[in-house]
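Only one structure is covered here, and it is reproduced in the block below.
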Amino acid sequence: MAENNSAWGGRFEAKTAKIVEAMNASIAFDRALVYEDIAGSIAHARMLESVSLLSADDRVAIEDGLVAIANEVRTNTFQFRIDREDVHMNVEGALADRIGQAAGRLHTGRSRNDQVALDLRLWLRRELTILGHELSEVVNLLIDVAQDHAAVPMPGYTHMQRAQPITFGHHIMAYVAMFLRDIDRLLDCRTRVAVMPLGSGALAGSPLPLDRQRVAKELEFSEITLNSLDAVSDRDPALETLSVLSILMVHISRMAEEFVIWNTQEFGFVEFADTFSTGSSLMPQKKNPDIPELLRGKSGRVFGALQALLTVMKGLPLAYNKDMQEDKEPLFDAMKTARQCVGILPELLKSMILKPKRLKDALRDGYLLATDVADYLVNKGVPFREAHGIVGRLVALGLSEKRRLGEFSLEELREVDERFDESYFEALDIERSLSRRKLHGGPAPSAVATSARLAWRHAAGLTRQLEAGGPSALERALWIGAELPAPVPSDKAAT
Ligand code: ARG
């Protein structure tokens, strides 16, 4: 036999070419799955013992060896080897180095195809959970900001034109609503990720009496996959995660874009602390919002990752094809990017200095209360279409004479329409206008306070859900080097 890869070298006479090894190997990136790979192997070994395919002694030797490898990984002393191709064969190879022959029994009834499917699902469940928690932190902070500024008036925009008065708290609550949906999507995605694929083998299951449910229990998955061909060739969990991350990045990017705009000299609605700004190497006066710009820009990487994986998958016949190894780098990069962006948001928000006076000044020009005047006429019984026309004429008059709506006398108003009376001037009061917009979900300070309270409760509920379906006790013990939980009792022991 050639001195080829010991996991599959049996039928080969010549050694793999170096350039093939370099292209084929995934260890440079799939090493990120090492804890998941070990956790999956421990669960698999425990199951093999329970169905008498592995002796108790061998199972203990395998488990101890795997724990020792996890400890080496944690202390950065584990040697990942490119000649061992991927994370699965690195772990198995290192186990054989440690415990000898018994390691050869670990892969019983298993293929790297169902193994990598499992590793990926474990990794996704963990990352989705962590990201969900990180995003809840952002949500809670935004709710605080909204509550603190529930009564600060500012112009709301459509078509980037000043439209109607809203409150800063109301504007911030829009992002709270988006991020709450994002957490919900992360959770929803996680339920479909957390399905256990082992027992699918390379593609056709296994003739051995494997207990798939037991592996699922060991890893705290509530479901097992339905079809072995699908289980080894499905990358929906990664695609769905990338879709969810892409939508999240759209929201982050839109918020970042508003921060950039608000931070301009033209708007001057907010400023960022020096610690969150950067200068220009050429123009001494510059103070740039680089971080919001990067938040906006980084969305491109995440969308790109989704496109890349959709393209990899779209033409693949069933079942596993090596193309699918290309899922990992974009996925890992996208998750890292999303977590970095979410991770910096709390500090960015804390560094934001609001300029309430600039916000209020921006309400003075632009006839933002024109709709309020129309609504005032509606309250007097004027049909809305007619009211719209009347106020339109008033605005035209104001524009030609450079006068604001509040700068007309009652006589002048009555010349436009005789139904105007004294209370017209109340309609033009910003604070009153805002407090009238108190429908659920509206900008009135009282409505913002209510939405903030509801959002806070919603976020707390989502956090509880995140806590419940996260990584298994087995994985958690491996990360921190704690003692492993005991194997789940076998059904016989339970009855
Ligand atoms: N490194 C591989 C991947 O990520 C693992 C599965 C390999 N399976 C195979 N039949 N070569 O896709």
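With θ taken as phi - 60° and the Karplus curve 6.51 cos²θ - 1.76 cosθ + 1.60 applied, the whole-hertz 3J(HN,Hα) list for region 422-436 is 3, 5, 3, 5, 5, 4, 8, 8, 4, 4, 5, 4, 5, 5, 6 Hz, x standing for glycine and proline. Label reach from ARG393 (point 7 Å along Cα→C-beta): in region 423-441, amide nitrogens under 18 Å belong to 424. Residue order for THR108, THR77, fewest other beta carbons within 10 angstrom first, comes to THR77, THR108. Of the chain, which part is the longest with no GluC sites (Glu not before Pro) in a loop (DSSP not H, G, I, E, B) and with at most 15 other C-beta atoms within 10 angstrom? Between the exposed loop sites, the longest stretch runs 14-265. If R0 is taken as 25 Å, the Cβ-Cβ distance between SER222 and TRP479 corresponds to a FRET efficiency of 0.70.
Simple spin-label estimate for ARG181 and SER55 gives 6.0 nm between the two label positions (7 Å along the Cα-to-Cβ direction from each Cα).
For each of MET178, MET154, MET23, count neighbouring Cβ atoms within 10 Å of the residue's Cβ, then give the residues from fewest to most.
Values: MET178 18, MET154 24, MET23 9.
Lowest count first: MET23, MET178, MET154.
Where nothing but the Cβ of Lys and Arg (+1) and of Asp and Glu (-1) is charged, how large is the charge dipole of region 302-370 around its Cα centre, in debye to the nearest 20?
So the dipole magnitude of region 302-370 works out to roughly 520 debye.
Note on the chain: dipole from Cβ charges, positive end direction compared against TYR157, LEU33, VAL91; the farthest Cα belongs to TYR157.
Net length available on complete extension from ASN288 to LYS336 is 14.8 nm, with 0.36 nm assigned per residue and the Cα-Cα distance removed.
Taking Lys and Arg as +1 and Asp and Glu as -1, the other residues whose beta-carbon sits under 14 Å from that of ARG254 total -1. The sum of -39500 (n - 2.57) across all DSSP H runs of n ≥ 4, divided by the residue count of the chain, sets its helix-only mean residue ellipticity at 222 nm to -19500 deg cm²/dmol. Around the Cα centre of region 130-242, unit charges on the Cβ atoms of Lys, Arg, Asp and Glu (plus for the first two, minus for the last two) sum to a dipole of about 200 debye. Applying 1/(1 + (r/R0)^6) with R0 = 45 Å to the Cβ-Cβ distance of HIS159 and ALA28 gives a FRET efficiency near 0.40.
Just to be sure I understand: if I project the alpha-carbon convex hull of region 420-468 onto a plane and average over all orientations, what area do I get in nm²? All intermediate terms of the calculation are to be shown ahead of the outcome.
Working: hull surface 14.8 nm².
With every direction weighted equally, the projected area is 3.7 nm².
Rounded to the nearest Hz, the phi-derived 3J(HN,Hα) couplings of region 116-123 under the Karplus curve 6.51 cos²θ - 1.76 cosθ + 1.60 (θ = phi - 60°) are 5, 4, 5, 4, 5, 5, 5, 4, where x marks glycine and proline. Since only ALA460, LEU428, GLY297 are under comparison, the one whose Cα sits farthest along the positive direction of the charge dipole of the chain, derived from C-beta charges on Lys, Arg, Asp and Glu, is LEU428.
Residues within the reach of a label modelled at SER400 (point 7 angstrom out along Cα to beta-carbon, backbone nitrogen below 14 Å), restricted to region 415-430, are 416. Stretching the chain fully between LYS438 and ALA17 yields a gain of 144.4 nm (0.36 nm per residue, less the alpha carbon separation).
Once the Cα atoms are used to define both axes, helix 168-193 deviates from the longest principal axis of the chain by about 20 degrees. The angle between the Cα long axis of helix 290-313 and the main principal axis of the chain comes to about 50°, on a 0 to 90 degree scale. Placing a label point 7 Å from the Cα of ASP144 along the Cα-to-Cβ direction, the residues of region 435-465 with a backbone N closer than 15 Å are 456.
Any idea which of SER490, LEU120, SER50 is furthest toward the positive side of the dipole for the chain, if Lys and Arg beta-carbons carry +1 and Asp and Glu beta-carbons -1? Ranked along the dipole, the leading option is LEU120. In the chain, the longest principal axis of the Cα atoms and the axis of helix 34-50 are about 50 degrees apart.
Listed here are the pairs LYS355/LYS380; LYS18/LYS336; LYS217/LYS328; which of them are more than 28 Å apart at the Cα? Beyond 28 Å: LYS355/LYS380; LYS18/LYS336.
Extension gain for SER490-LYS357 works out to 41.1 nm (0.36 nm per residue, less the C-alpha to C-alpha distance). For the chain, a simple Cβ point-charge model (Lys and Arg +1, Asp and Glu -1, everything else neutral) yields a dipole of about 320 debye relative to the Cα centre.
Every number here is computed from the coordinates shown, using simple stated rules; none is lab data. None of these values were measured; they are calculated from a predicted model. Every residue, glycine among them, receives a Cβ derived from its backbone with ideal geometry; neighbour counts consider all protein chains shown.
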